Structure formats: structure tokens, C-alpha cells
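Peer 1: Below are the C-alpha cells for one structure; questions will follow.
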Amino acid sequence: MPTILQLYPTLVAYLYAMLQPILFALLLLAAFGLFAWQVRKIRANILVGRARDMSGHPAERLRKMLLVAFGQQKMFKRLTPAFLHLVVYVGFLVINIEVAEIIIDGLFGTHRVLGILGPVYDGLMAVNEVLAALVIIAVAAFWWRRNHQPPVRRFTGIELRAWPKLDANIILYIEVALMVALFFMNSADLRLHELEGKTLPGAFPISHFLSQLLPTSVGVAGLHVLERTGWWLHITGILLFLNYLPSSKHFHIILAFPNVWFSRLVPQGQFSNVESITHEVKAMLDPSYEVPAAPLGPDGSALAPTPFGAKDVDDLPWTSLMSAYSCTECGRCTSVCPANLTGKLLSPRKIIMDTRDRVEEKYHSPIIFHPNLYGEEAKHEPVDADQPLLRGKVTAEELWACTTCNACVESCPVNINPLESIIEMRRFLVLEESAAPNSLNVMFSNIENNGAPWAFSPSDRLNWADELYVAERA
Amino acid sequence: MSSVITTPTTPTKRQLTVPTVADLAAQGKVPEILFWVGCAGAFDDRYKRVTRAFARILEHTGTDYAVLGLEETCTGDPAKRAGNEFLFQLQAMQNITTLNGYGIKKIVTACPHCFNTIKNEYPALGGEYEVIHHSQFLQQLINDGKVGVQGGESFKGRRITFHDSCYLGRANDIYEAPREVLAALDADLVEMKRSRANGLCCGAGGAQMWKEPEPGKKDINIERTEEALATLGGQAAALDNLRGVETERTAPSQHSLQGSIIAVSCPFCMTMMSDGVKNKEQEGAVQVFDLAELIASAEGINA
């Protein structure tokens with residue numbers, strides 16, 4: 001008859017087996033519940049933007065999404081970061097299969113349930129392990145690019161304040177921690193099966209080596225604990241990371257896809273038309289033109305007229321707000337901006353980051369704390385809820401430095417359009433505040449009076465054709 | 001002495017009367033293609049030479065064309081880029097009324113800003129036309145054999161680099177037409193590191209042409225001119241220091257700048273690059289030409 005002491009490990013194992021599905025289900029529920037709550041707030045923030053119809057062209061949108069978001073097309077303009085990013089990205093995609101397995105195992109008390117896939121599972125696990133090792137190397141390279149002195153130029157700039165810098169590093173640390181937990185779990189599991197004389201389904205090229213480093217003194221019970229610890233750390237880490245995303249630039253792993261789907265499909269040179277102005281101009285030119293009635297509020301009362309252009313985040317189209325949440329602060333836009341390259345204040349990335357900070361300041365903060373209030377810089381900057389995006393965060397000097405060259409738009413790996421926000425704010429400056437630089441006001445009045453941006457007489461418009469000869473060839 | 005003005009192969013020359021759409025309408029005719037001159041093309045002394053070169057090409061190839069003349073007015077591009085949507089739409093409606101009144105179907109222009117505005121932004125206001133840029137038009141003439149690119153000045157062996165205009169390139173994805181036009185010159189074409197979709201703006205777009213730049217370390221046209229000169233001169237060290245682009249680093253061989261050309265296809269780029277070359281005191285060695293000037297010159301139709 002075994003004593004209670006001898007039975008103890010079996011009892012613990014039995015109790016654990018009983019409790020694990022319940023604990024795990026609770027953890028999942030809490031994690032996904034919290035994530036859904038955060039996503040709902042972000043969705044509400046995005047929808048404070050102005051309406052813009054982005055429906056239609058599903059085939060073209062799908063093609064763009066597959067190429068640019070899924071296929072990372074625009075990343076490959078710069079090969080070094082493209083390959084590093086590809087490793088982490090493919091690692092993320094493949095690890096999702098393992099996360100699915102962990103969730104099934106956790107809920108149903110199975111162990112490596114996908115093992116039934118046989119050789120396919122061997123392949124998956126092997127690829128996963130190799131990728132996990134490559135991810136650690138890639139992340140180390142990313143960390144070096146950001147933190148060595150001087151760092152890669154696009155990881156500097158006034159908009160990279162304390163929080164964005166810390167955020168970028170936190171993401172890298174979490175990714176390494178998750179990979180380490182994975183190896184921990186796999187190595188202990190391998191060793192355990194080896195000691196128990198069983199075969200573990202799957203092939204583990206890296207853990208196969210690591211498992212030999214585990215001292216034999218750990219014993220079967222110890223290995224059980226190690227394996228479970230690795231397993232819990234891995235999945236808990238992933239769920240924590242999931243709930244960190246809404247506070248972080250890392251949210252791009254989700255929003256990159258809808259953001260590319262909702263890209264503008266017109267030529268980049270085509271700026272948006274302001275329909276309310278079209279009605280006014282048509283009515284001016286033709287007194288019989290009937291301006292369509294302004295939309296009414298839900299209670300049937302007239303709505304306050306919307307201003308021309310954008311003063312604050314809610315004057316921007318919703319797509320610009322979604323873009324602000326899709327931005328991964330990589331700085332490709334700023335690094336190709338001719339104004340920024342020549343030392344002007346304008347940085348397209350700053351405008352996108354300011355938009356996200358401002359929308360969270362004015363509306364919902366979907367996160368546990370306010371990241372944009374983090375750090376020394378934030379302490380000197382009292383956040384005033386009455387300070388709009390324009391002037392509160394983005395200065396007129398930044399906006400007037402833009403050459404509308406579309407380099408930022410072209411460079412963005414997730415099709416964010418900083419130029420659109422710049423033009424919307426310029427419109428507000430000019431049409432609502434008459435606050436254009438004086439030289440531009442001169443240009444405007446030249447167009448009004450002479451039909452040309454320069455002060456030339458319209459009657460001289462055909463002077464170029466005077467005394468024009470062409471050589472006649474034999 | 002500008003190399004554009006060369007002695008024609010035969011001494012005969014003919015004076016042109018540029019037809020206006022109004023004149024043709026009086027005869028009950030509509031031109032097949034409208035040449036939209038643009039404000040820079042009509043008023044800027046340097047770009048007027050481009051307009052004249054292009055008119056010679058139109059005449060030389062027997063194109064059925066006309067200009068609006070005094071009825072043309074600013075497309076509204078600088079107003080729109082500067083945020084003055086109201087002024088833009090007033091200009092646009094006025095031009096659309098004129099164009100539609102004459103039944104214009106097809107437009108060619110040597111200005112990428114006019115091109116972009118009429119092609120992309122006029123349709124929403126009721127102006128739908130087939131709009132082509134003169135680089136595309138020239139490419140077509142060359143492909144059709146209407147322009148032989150011979151009989152005039154030879155560009156064989158001269159170093160030419162093409163500066164992409166933002167409103168032709170990134171704005172409208174036209175990168176190859178101007179390059180194919182230049183290829184017909186049989187010159188030594190060299191690409192800047194920041195070219196095509198990675199091209200660096202000359203600094204004049206977005207209404208910058210009409211204002212002083214914001215405070216900074218450098219003017220954008222200087223940055224771009226330095227790149228063009230380093231490319232033409234094959235200065236590897238200067239090219240390595242360029243920012244905003246990562247491309248393969250092939251060490252170029254050094255060349256004399258003498259006789260080399262920066263080719264442009266936009267009136268604002270023309271101003272900015274010419275000013276840049278003057279600022280770098282290279283105007284004796286390097287010239288800035290528009291595609292139409294180079295083709296007219298190679299064709300030997302200047303008079």
C-alpha cells in the first residue's frame with residue numbers, strides 16, 4: 001500500500017489535470033475579453049473621423065492586400081530590414097498554428113493534439129523551431145539597429161519620444177521572451193519523453209540539442225514542472241502581448257491588413273474633391289443651381305456645418321485615423337521626405353503619431369495607461385483637451401514645408417497617406433483661418449486677377465508664339 | 001550660346017502661326033488635340049523656349065492641334081495644393097466650361113502639374129478628357145517614326161541624367177515614357193540613385209514655387225542638384241552619402257561634367273534644377289533641358 005507521500009506527485013498531477021482546463025478557459029476568456037474591449041474603443045476612435053465611402057473594387061483591394069500587407073511588397077525596397085522583418089513575420093504566422101494547438105490542449109487536456117498530423121506535424125514543429133531561432137537573431141539585429149550609437153537615422157527624430165522608443169524595445173524583449181519560453185517548453189518535453197521512454201510527436205532540431213543541456217538531476221517530476229512552466233509562460237506571454245498591442249505600434253500586425261484593403265485606389269496625384277465647395281461654386285456660377293439640403297441630425301435638427309479641411313482628428317476621414325493605428329513608426333516616410341532631409345521641421349511620421357495621440361487624448365484611451373504621457377518630455381507638456389491636432393500638436397510651419405511630392409505615401413509599407421492629412425490641415429488654415437503664408441496669398445490673388453499664379457497680364461499669354469519659326473527640312 | 005539653337009540642315013525656315021481653338025471654331029473645326037500651354041509655358045522666359053520647341057515639333061509632325069491662347073487660365077493646381085479648394089474649383093469650372101464649349105476631347109501638355117490636375121481632378125467637376133503628357137506624346141511620335149531624332153544636333157556620347165517630376169512619376173506612374181524619349185537620342189544615359197518611384201522632389205511642388213522654403217539646413221533643389229552633378233560626374237563618395245534611399249552601391253567611374261545634361265519634364269523642375277546648377281557654379285558645364293528641347297534640337301527643326 002503506497003503512503004500518502006508516495007502518492008503526492010500523482011495527486012498533484014491529478015489535481016492539475018482537473019484544474020488546468022478551468023484555469024485555462026478563464027485565462028482565455030479574460031485575455032480575449034480585455035482585448036475585445038480595447039479593440040472596441042479603438043474602433044470607436046476611428047469612427048469619430050468623417051465619413052468616406054471606400055466600398056467597391058473588392059478584387060483590386062484583395063490583390064493589393066495580398067501583395068502589400070500579406071506579401072510585404074513595399075518592405076523589399078530596403079533589403080536588410082526586409083529580410084529581418086520577413087523572418088519575424090513568417091515566424092509570427094507559423095507560430096499561430098502552435099498557438100491554436102496550445103489552446104486546444106489547454107481546454108481539453110490533450111497533449112500536442114496536432115501530433116496526429118504525423119509527418120506534417122514533424123515539418124511544422126521543425127520549421128517553427130528554426131524560425132524561432134532566426135527570430136531571436138533578427139530581433140537582436142533590430143535591437144542593435146535601434147540602440148547602437150548612432151542608431152539607424154530613421155529611428156531618431158523629435159517624434160520618437162520616450163514612449164515610442166521604449167515601446168519599440170519592449171516589443172523586441174517580449175518577442176525574445178516568447179521564443180525562449182517556446183524552447184524551454186519543447187526541451188523539457190523532449191527530455192521528459194526521453195526519460196519516460198516515450199517518443200514525442202514532432203521534430204525539434206533546436207530543442208533536441210538544448211534538451212541535452214538539462215541536468216539529469218531534475219528528474220521526471222521536475223521536468224513535468226519545467227515543461228508546464230514553459231507552456232504556461234509561452235501562452236500567457238502571448239495573451240499578455242495581445243493585450244499590449246493596442247497601446248503599441250505593434251498593433252500594425254492587425255491593422256496593416258484593413259489599412260491596405262482600404263487604400264485609395266486613385267492615382268497618388270489625385271487629391272480629394274471637397275463636394276460642399278463644388279455645390280457652392282456651382283451655385284455661384286449658375287444662380288439656378290440648387291444646392292442639396294444639408295443632412296439632418298438624428299433628431300431632425302440641422303447639424304452644425306462641418307468646417308472646410310481639418311482642425312482636429314474628427315475632421316479627418318476615418319481612413320486617416322485607422323492609418324494612425326496602423327503606423328509602426330518605422331520612419332520610412334520621414335527618411336525620404338525632401339523637407340525633412342533638408343532640415344525642415346516637417347516629419348510625416350510625426351503627423352501620423354500626433355493623430356493617434358490626439359484621438360486618444362480627446363476620445364477613448366483604449367489602454368490601461370496613456371502611453372503618450374510617458375517620459376520626461378510628456379511631463380513638461382500639460383495635456384489640454386482643448387488643444388486640437390492643428391497647432392496643438394502639428395504646427396503650420398510643418399504643414400507649409402510639404403512639397404506634396406508623395407514620397408512618404410510611396411514609401412509606406414502599409415499604405416498610409418500622410419499627405420492627405422497635411423492637405424486637410426492646409427485647407428483649414430486657408431479656408432477657415434485665411435492663415436496662408438503671405439506669399440501664397442499673393443499667388444492666390446494673382447490667379448484670381450490674372451488667371452496665372454504670377455503677376456503677368458493675361459493678354460500676354462500668347463506672346464510666346466510671336467516670331468516663331470520652324471526649320472524646313474529638305 | 002545654348003546648344004538648343006543649332007544651324008538647321010537646310011537654310012529654309014518658315015514662320016509659324018500657332019492656331020487657336022477659337023480660330024478653328026470660327027471655321028467650324030475642332031482640333032484633334034489641344035496643346036495646353038500652362039502658365040509657366042506661357043509666361044516663364046525659360047519655359048517659353050520649351051513651349052516653342054514643342055510647338056515646332058507639333059508643326060513639324062503635321063499634328064492637328066491648337067492652343068486656347070488668351071482663353072487659357074491657371075488649372076488651379078497651386079491653389080489646390082496650397083489648400084485653397086475654393087479658388088481651385090473656380091478655376092477648374094471656368095476651364096471646363098471653355099474646354100467643353102469647344103468640344104475638346106484630347107489634351108497634351110508639357111506641365112506635369114496641369115497634366116495631373118486636368119487628368120485626375122477635373123473629371124469630378126465635369127471635365128472628362130484624354131490627357132497625355134508631352135513625354136508620352138513624344139514617345140508616340142518617335143515610335144510612329146514621325147520624329148526620326150536625326151538631322152540636327154547629335155547627343156551621341158553626351159551624359160544625360162533624367163530628373164523625375166513628382167507629378168509625372170509617383171503621382172501618375174509615368175517613369176518610362178521620358179526615358180524612352182531620351183533613349184532615342186543615343187546619348188549616355190545615367191540614372192540618379194534616387195530615381196523613378198524613389199526620385200527626390202526638386203522642391204517646388206505643393207505651391208512651394210511661390211514661397212520661400214521653411215527654415216532648414218539646405219534648400220531641396222541644392223540637395224537634388226548635388227545628386228545630379230555627382231551622378232553626371234561619377235563621384236562615388238558623394239553618392240554614397242545620399243540619404244533616403246538604399247540601392248546597390250556600384251562605384252561609378254569619374255567623368256568630366258563638361259557637356260552633360262540634366263533632363264527635366266516639368267517647368268518647376270526646370271527652374272529649380274537650373275537655379276541649383278547656377279548655385280553650384282556649373283552652368284558653364286552642365287545644362288538643364290526639357291525633353292521637347294532635346295528632341296527639337298536633335299531633329300534639327302529649330303530656326
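Just so it is clear, none of the values below were taken in a lab; they were calculated from the coordinates. It should be emphasised that the depicted structure is a prediction, and the values quoted were computed from it without experimental measurement. Glycine gets a Cβ as well: all are built from the backbone with ideal geometry, and neighbour counts include every protein chain shown.
Peer 1: Pull up all non-local amide H partners of residue A:316: gap of 5 or more, or a different chain, and H-to-H distance under 5 Å with H placed in the peptide plane.
Peer 2: HN-HN under 5 Å from residue A:316: A:50.
Peer 1: Turning to a different aspect of this structure: Using a basic spin-label model with each label point 7 Å from the Cα along Cα→Cβ, how many nm lie between residue A:194 and residue A:212?
Peer 2: Modelled inter-label distance: 0.8 nm.
Peer 1: Which of the three applies to chain B, rounded, prolate or oblate, going by the alpha-carbon gyration tensor with a ≥ b ≥ c and a/c under 1.5 meaning rounded?
Peer 2: oblate
Peer 1: Between residue B:183 and residue A:299, with labels modelled 7 Å along Cα→Cβ, what's the label distance in nm to one decimal, could you check?
Peer 2: It is 6.7 nm.
Peer 1: OK, next. May I ask you to derive the FRET efficiency for residue A:236 and residue A:149 from their Cβ-Cβ distance with R0 = 45 Å, giving the value to the nearest 0.05?
Peer 2: Details: r = 35 Å, r/R0 = 0.78.
Calculated transfer efficiency: 0.80.
Peer 1: Taking the convex hull of the Cα atoms, report for region B:212-303 its projected area averaged over all directions, in nm².
Peer 2: 7.7 nm²
Peer 1: Ok, one more. Please state the relative contact order of chain B as a whole percent: Cα pairs under 8 Å, 6+ residues apart?
Peer 2: Working: 505 pairs, mean separation 68.9, N = 303.
Across chain B, relative contact order equals 23 percent.
Peer 1: Still on this structure: Taking each pair of different alpha-carbon atoms in the protein assembly as shown once, compute 1/r for the pair, average those values, and report the inverse of that mean as the Kirkwood hydrodynamic radius in Å to one decimal.
Peer 2: It is 29.8 Å.
Peer 1: Quick one: 3J(HN,Hα) in Hz for region A:338-346, Karplus 6.51/-1.76/1.60 with θ = phi - 60°, rounded, Gly and Pro as x.
Peer 2: x, 5, 5, 4, 9, x, 7, 5, 4
Peer 1: Please work out the FRET efficiency for the pair residue B:143 and residue A:120, using the Cβ-Cβ distance as r and a Förster radius of 51 Å; give the result to the nearest 0.05. Before the final figure, lay out the partial values.
Peer 2: On the way: r = 54 Å, r/R0 = 1.06.
Here the calculated transfer efficiency is 0.40.
Peer 1: Right, next: Which lysines does residue A:64 reach when only Cα atoms under 21 Å apart count, and residues fewer than 8 places away in its own chain are ignored?
Peer 2: A:74, A:77
Peer 1: Using modelled amide H (1.01 Å from N, peptide plane; none on Pro or chain starts), what sits under 5 Å from the amide H of residue B:288, excluding residues fewer than 5 places away?
Peer 2: B:262
Peer 1: Which part of region A:203-231 falls in the paramagnetic zone of residue A:94, meaning amide N under 20 Å from the point 7 Å along Cα-to-beta-carbon?
Peer 2: A:203-211, A:231
Peer 1: Restricting to Cα pairs below 8 Å that are 6+ residues apart, what does the relative contact order work out to for chain A? Please round to a whole percent.
Peer 2: 20 percent
Peer 1: For region B:21-139, what log10 I(q)/I(0) values come out of the Debye formula at q = 0.15, 0.20 1/Å, with one point per alpha carbon and no solvent?
Peer 2: Log10 I(q)/I(0), no solvent term: -0.64, -1.15.
Peer 1: Moving to a separate point now. What residue among A:320, A:13, A:240 has its Cα farthest toward the positive end of the dipole of the protein assembly as shown, where the charges are +1 on Lys, Arg and -1 on Asp, Glu, each on the Cβ?
Peer 2: A:13
Peer 1: Oh, and also: Would you please give the residues with an amide H less than 5 Å from that of residue B:160, counting only those at least 5 places away or on a separate chain, with H modeled from the backbone geometry?
Peer 2: Residues meeting the amide H criterion: B:188, B:189, B:190, B:261.
Peer 1: Could you sort out which of A:393/B:211; A:249/A:344; B:156/B:280; A:41/B:119; A:393/B:280; B:80/B:146 sit more than 29 Å apart by Cα distance in this structure?
Peer 2: A:41/B:119; A:393/B:280; B:80/B:146
Peer 1: Moving to a separate point now. Taking the Cα centre of chain B as origin, work out the dipole magnitude from +1 charges on Lys and Arg Cβ and -1 charges on Asp and Glu Cβ, in debye rounded to 20.
Peer 2: 280 debye
Peer 1: Can you tell me the orientation of helix A:4-46 relative to chain A, as the angle in degrees between its alpha-carbon axis and the longest Cα principal axis, to the nearest 10?
Peer 2: 0 degrees
Peer 1: Compute the angle between helix A:119-147 and the longest alpha-carbon principal axis of chain A, please, reported from 0 to 90 degrees and rounded to the nearest 10.
Peer 2: 50 degrees
Peer 1: Turning to a different aspect of this structure: Find the relative contact order for region A:307-455 and round it to a whole percent, using C-alpha pairs within less than 8 Å whose residues are 6+ positions apart. All intermediate terms of the calculation are to be shown ahead of the outcome.
Peer 2: Numbers: 164 pairs, mean separation 50.8, N = 149.
With pairs under 8 Å counted, the relative contact order is 34 percent.
Peer 1: Can you sort A:105, B:164, B:144 from fewest to most other Cβ atoms within 10 Å of each residue's own Cβ? Kindly include the intermediate steps, with their values, before the conclusion.
Peer 2: On the way: A:105 19, B:164 29, B:144 9.
Fewest-to-most Cβ neighbours within 10 Å comes out as B:144, A:105, B:164.
Peer 1: Once you have the Cα-Cα distance between residue B:124 and residue B:46, take 0.36 nm times their residue separation minus that, and quote the gain in nm to one decimal.
Peer 2: Full-extension gain reported as 24.8 nm.
Peer 1: Okay, next question. Return the unpartnered cysteines for chain A, using a Cβ-Cβ cut-off of under 4.7 Å.
Peer 2: Here A:327, A:330, A:337, A:402, A:412 come out as lacking a disulfide-compatible partner, given the Cβ-Cβ threshold of under 4.7 Å.
Peer 1: Under a cut-off of 12 Å between alpha-carbon atoms, report the aspartates and glutamates in cross-link reach of residue A:350, not counting same-chain residues fewer than 8 places apart.
Peer 2: A:159, A:329, A:398
Peer 1: Multiplying the sequence separation of residue A:463 and residue A:36 by 0.36 nm and subtracting their Cα-Cα distance, what value in nm do you get?
Peer 2: Full-extension gain reported as 147.0 nm.
Peer 1: How much of the pair distance distribution for region A:307-455 lies past 27 Å, counting alpha-carbon pairs only, in percent?
Peer 2: Within region A:307-455, distances greater than 27 Å cover 26 percent of Cα pairs.
Peer 1: Then there is this: Work out how much length residue A:86 to residue A:280 would gain on full extension: take 0.36 nm times their residue separation and subtract the Cα-Cα distance, in nm to one decimal.
Peer 2: Result: 64.8 nm gained on full extension.
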